[in-house]
Amino acid sequence: MTTHPLHVKGQSAKEFYDRAGKYCGSYGLTAETGDCDPGYYCPEGQTVATPANYSCPLGYFCVGGKELPEPCASGTYQDEPIQSTCKTCPAGFYCNATFGPVINYATYICPEGFFCPDGTRYPEEFPCPEGTFNNRTGLNSTSECSECVGGMACDVEGLTYPIRPCSAGYFCRQSADSTTPSLGSLADQCPAGSYCPVETAEPIGCPEGSYSSAMALQMESQCINCTGGLTAVFGQCLPGFYCPVGSKVSTEIICTAGAYCPIGTENPVPCPAGKYSDVGGLSMESQCSLCTEGYYCETTGMTNVTGPCKEGYYCPNGSSVETQIICPAAMHCPTGSATPQECPAGMFVDYDGAAACSVCPEGYYCVPELSIEGNSASAKNICPMGFFCPNGTGHDWQPCPAGTYGLSQGLKKAEDLDSMYRRTIL
C-alpha cells in the first residue's frame with residue numbers, strides 16, 4: 001500500500017508536516033489536529049497527541065503543545081515520567097537545578113548550619129540566624145536551629161558550632177549573638193557584685209569580704225574589699241532566689257516556676273526551649289526537666305509541656321517543636337509519638353512523615369520483621385511464586401489452588417490464574 005505524507009493545503013512541499021507542538025492525526029488534513037497532550041512533547045511530524053518516543057522524561061515537565069520538554073526549576077524536582085508539572089522540593093532538602101534538573105531530591109539533604117523549608121533552591125539559601133548554630137543535617141525551619149551554648153557567642157549566620165568565646169566583662173548563658181551581647185538575662189554585661197572572665201556562662205560572684213557596685217568586671221581582683229561600717233552591697237542573692245534592685249535579704253523572692261536562679265540573680269533565668277519546670281526554687285538549668293517524650297516545649301520559661309508531637313513526627317525527651325524529627329519511611333507516627341512505630345502485618349507505609357499505615361497493596365505482602373526504618377523499599381515485598389496476595393496480605397500468603405502452579409511473582413488474586421498460571425496435566 002502506498003503511503004503519503006500529511007499535507008496541509010496551500011503549503012509548500014517542505015511544509016507538509018505539522019508544526020512543532022502540534023500533531024496531525026490522519027491524511028488529507030488542512031490544519032493540525034491539535035496540541036500535543038500534557039506529559040508529552042511533539043517535535044515536527046507527529047501523528048498522535050501522545051507520541052511514545054516523546055514522553056516527558058524525569059526531571060522535566062510538559063504542559064502540552066510544546067516542541068521540547070521544560071526542565072524543572074530550582075526549588076522543584078520531578079521523579080516520575082510523563083508529568084505536566086514539577087513537584088515542590090520538600091522541607092529538609094534542597095533542589096538546585098543550576099547544573100541540571102533534579103530527579104531525586106533525597107540526595108540533596110540540607111547541610112549543617114542551614115535549614116531548608118519547602119521549595120528551597122540551594123543549600124545555603126537559609127542560614128541559621130545569629131545567636132544559633134546547627135550541627136545536624138535535614139533541618140526544615142529556623143526553630144530547629146540550636147541556641148548558642150553557654151560561654152560562647154554565635155555572631156555570624158550559618159554556624160555549625162559556636163566558635164567565639166564570650167568577651168571578658170560579659171556573660172553568655174544562651175543565644176548570644178555577639179561576644180559583647182545585650183540580651184538581658186540571657187547574655188549581657190557582667191552585673192554588679194560579679195566578675196566575668198573570657199567564656200563566662202554564669203557571672204561569678206565576688207567572694208565573701210568583697211563587693212562591686214560596678215558592672216562589666218573581668219577578674220576577681222577587681223572586686224573591692226569590704227570595710228567596717230558598710231556603705232555598699234552586703235552580699236549576693238542565694239541560689240534558688242532572685243533579688244531585684246532594693247532587695248534587703250539574700251532570699252528576697254523564691255525563683256519562679258519555669259525558671260532557675262543561680263547565685264546573685266537579679267531576674268529569674270527562663271528554662272530553655274525543650275525543657276520546663278512546674279516548681280519554683282531552682283538554682284541551675286540542669287534542674288529544669290526535659291520535655292516529656294511524645295510532647296514538645298516550644299518556648300523558654302515553660303511550666304508545662306506545650307502539647308503532643310504532631311502526627312507524622314516523633315518527639316524524644318527534650319523536644320522543642322511539634323515537628324522535632326520526621327517519621328522515617330516504613331514506620332508511622334500518630335499524634336504524640338515518642339518513637340517511630342512499626343506497621344502491623346498486612347499494612348505498610350513507604351514514605352517519610354506518615355501518621356498511619358495503609359493496607360498492603362495486592363500482589364505484595366507486608367510484615368514488620370522485614371521493614372527497615374527509613375528504607376521505603378522494605379515496606380512491602382513482592383508475592384512469591386506459588387502464591388497470590390490480595391489486599392492486606394501479611395504472613396498469610398494464599399497458595400495456588402490444587403492442580404495449578406505459579407510461574408511468576410506478584411500475583412494478586414485467584415482470578416489471575418488463567419493468565420498467570422499453567423494448569424497441571426493430571
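Read-outs: derived from the displayed coordinates by stated rules, not from any lab. Worth saying up front: this structure is predicted, and the values here are computed from it rather than measured. Counting neighbours? That spans all protein chains shown, and the Cβs are built from the backbone with ideal geometry, glycine included.
Details
- Under 17 Å of direct C-alpha separation, and excluding same-chain neighbours fewer than eight residues apart, K412 reaches these aspartates and glutamates: E362, D396.
- Listing R121, R173 from fewest to most neighbouring C-beta atoms within 10 Å gives R121, R173.
- The stretch 237-306: relative contact order in percent, alpha carbon pairs under 8 Å with at least 6 residues between: 30
- Full-extension gain in nm, I382 to K248, via 0.36 nm per residue minus C-alpha separation: 40.5 nm
- Inter-part distance where the stretch 384-403 and the stretch 323-381 are each reduced to a Cα centre, Å: 22
- By average C-beta atoms within 10 angstrom, highest first, the peptides 320-332, 47-59, 249-261: 320-332, 249-261, 47-59
- A cut-off under 12 angstrom between Cβ atoms defines the neighbours of T339, and their net charge, with Lys, Arg +1 and Asp, Glu -1, is -3.
- Here the residues V102, V156, V367, ranked from fewest to most Cβ neighbours within 10 Å of their Cβ, fall in the order V156, V367, V102.
- Its convex hull of Cα atoms gives the stretch 169-263 a direction-averaged projected area, equal to a quarter of the hull surface, of 6.2 nm².
- Full-stretch length increase - S213, Q409 - with 0.36 nm per residue and alpha-carbon distance subtracted: 62.2 nm
- Length gained on full extension, E298 to Y351, computed as 0.36 nm times the residue gap minus the Cα-Cα distance: 16.4 nm.
- Reducing the stretch 94-164 and the stretch 188-267 to their Cα centroids gives an inter-centroid distance of 38 Å.
- Computed over Cα pairs, the Kirkwood radius of the stretch 237-306 leads via Stokes-Einstein (1.002 mPa s, 20 °C) to a diffusion coefficient of 181 µm² per second.
- The value given for the chain is a Kirkwood hydrodynamic radius of 27.4 Å, derived from the mean inverse Cα-Cα separation.
- Label-to-label distance, A338 versus I372, with points set 7 angstrom from Cα along the beta-carbon direction: 2.8 nm.
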